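Participant: For reference, the structure I am asking about is given below.
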Amino acid sequence: GVQTCALPIYSDRGASVLAGIGVNVPAGYYVRLGLDGAVGTITSGGRAGEAAKVEFSTRFLFDPFAEQRVGWYAGGGVAMLHDDGDWRPYLTLLIGREGPTAGRWRTAVEGGVGGGVRLAIVLRPARVNGR
C-alpha cells in the first residue's frame, strides 16, 4: 500500500526536513519491501537549500498478524540522498513501532541511520489481515 512520511535527517552536511510518499508490499508473512521518495530543505552553515531522498528498504515484522496492539519492526536498505548539489549513496538501518489501527490507517514512528540520523512519522493504510 501507499505510505507517507515526514522525516528530519541530521547529517554531517546539516539538518533537513523532508516529506515523502512511497509504497510497500508484502514479501511473505514477516517481510515488507518499500520504495519511497522525499523532498524538502536542508540547513547548513546558516543557509538553506533543497534536499531529496530515494530509498529502498526491507522491513522484518515481529508481529505480522497484529496479535498485539502495537508492532515492532526492524530493517535496512539503500538510499540516495541529495543535498548541496550532489547525490550520495548510503546503507540504512531502521527500527520502528507501528501503532494500533485508526480507521483505515496505521501510524508508525521510525528511527534510523544512514546518511545521518533520522526520525520519521509514517502513515500507512491498515491491512485487514495483519500489519
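Participant: I need a count of the residues in the stretch 37-77 that are over 17 Å from Val117 (Cα atoms), touching a Phe, Trp or Tyr at 6+ places or on another chain (Cβ under 8 Å) and part of a strand (DSSP E or B).
Facilitator: Of the residues in the stretch 37-77, 6 are over 17 Å from Val117 (Cα atoms), touching a Phe, Trp or Tyr at 6+ places or on another chain (Cβ under 8 Å) and part of a strand (DSSP E or B).
Participant: Also, quick follow-up: Residues in the stretch 67-77 that are open to solvent by 20 Å² or more (accessible area, probe 1.4 Å) and touching a Pro at 6+ places or on another chain (Cβ under 9 Å): how many?
Facilitator: Total meeting the criteria: 2.
Participant: Further question: Out of the strands (runs of 3 or more DSSP E) lying entirely within the stretch 78-125, which hold 3 or more residues that are open to solvent by less than 20 Å² (accessible area, probe 1.4 Å) and touching an Asp or Glu at 6+ places or on another chain (Cβ under 8 Å)? Steps first, answer last, please.
Facilitator: Numbers: elements: 86-102, 105-113, 117-125.
Result: 86-102, 117-125.
Participant: Hey, another quick one. Considering each residue of the stretch 61-83, count those that are within 16 Å of Thr107 (Cα to Cα) and within 16 Å of the chain's Cα centre (by Cα), and give that number.
Facilitator: Qualifying residue count for the region: 5.
Participant: May I ask you to list the residues in the stretch 29-38 that are more than 10 Å from the chain's Cα centre (by Cα) and open to solvent by 50 Å² or more (accessible area, probe 1.4 Å)?
Facilitator: First, the residues of the stretch 29-38 that are more than 10 Å from the chain's Cα centre (by Cα): 29-33.
Residues satisfying the conditions are Tyr29, Tyr30, Leu33.
Participant: If Pro64 meets every condition in (1) open to solvent by 80 Å² or more (accessible area, probe 1.4 Å); (2) farther than 27 Å from Ser16 by Cα apart from one, which number is that one?
Facilitator: Result: Pro64 fails condition (1) only.
Participant: Another one. Could you tell me whether any residue of the stretch 39-60 is modelled with pLDDT of 90 or more, open to solvent by 80 Å² or more (accessible area, probe 1.4 Å) and closer than 16 Å to Gly111 by Cβ?
Facilitator: yes
Participant: Here are some residues: Thr43, Thr92. Which one is farther than 16 Å from Arg124 by Cβ, β-branched (Val, Ile, Thr) and over 15 Å from the mean Cα position of the chain (by Cα)? Quick ask: steps written out before the conclusion?
Facilitator: On the way: Thr92 fails: over 15 Å from the mean Cα position of the chain (by Cα).
Thr43 is the lone residue from the list that is farther than 16 Å from Arg124 by Cβ, β-branched (Val, Ile, Thr) and over 15 Å from the mean Cα position of the chain (by Cα).
Participant: Moving on. When both residues are 6+ apart or on different chains and their Cβ atoms are under 7 Å apart, which pairs have a first residue that lies in the stretch 82-97 and is more than 13 Å from Gly115 (Cα to Cα) and at pLDDT 90 or above, and a second that is open to solvent by 40 Å² or more (accessible area, probe 1.4 Å) and aromatic (Phe, Trp, Tyr)?
Facilitator: Arg97/Trp72
The values are calculated or read from the model by the stated rules, or taken from the named source; none is laboratory data. Not measured: the values here are computed from a predicted model. Note that each Cβ is placed from the backbone with ideal geometry, even for glycine, and that neighbours are counted across all protein chains shown. Just the protein is used for accessible areas: all its heavy atoms, side chains included, with ligands, DNA and RNA removed. Shrake-Rupley method; radii C 1.70, N 1.55, O 1.52, S 1.80 Å.
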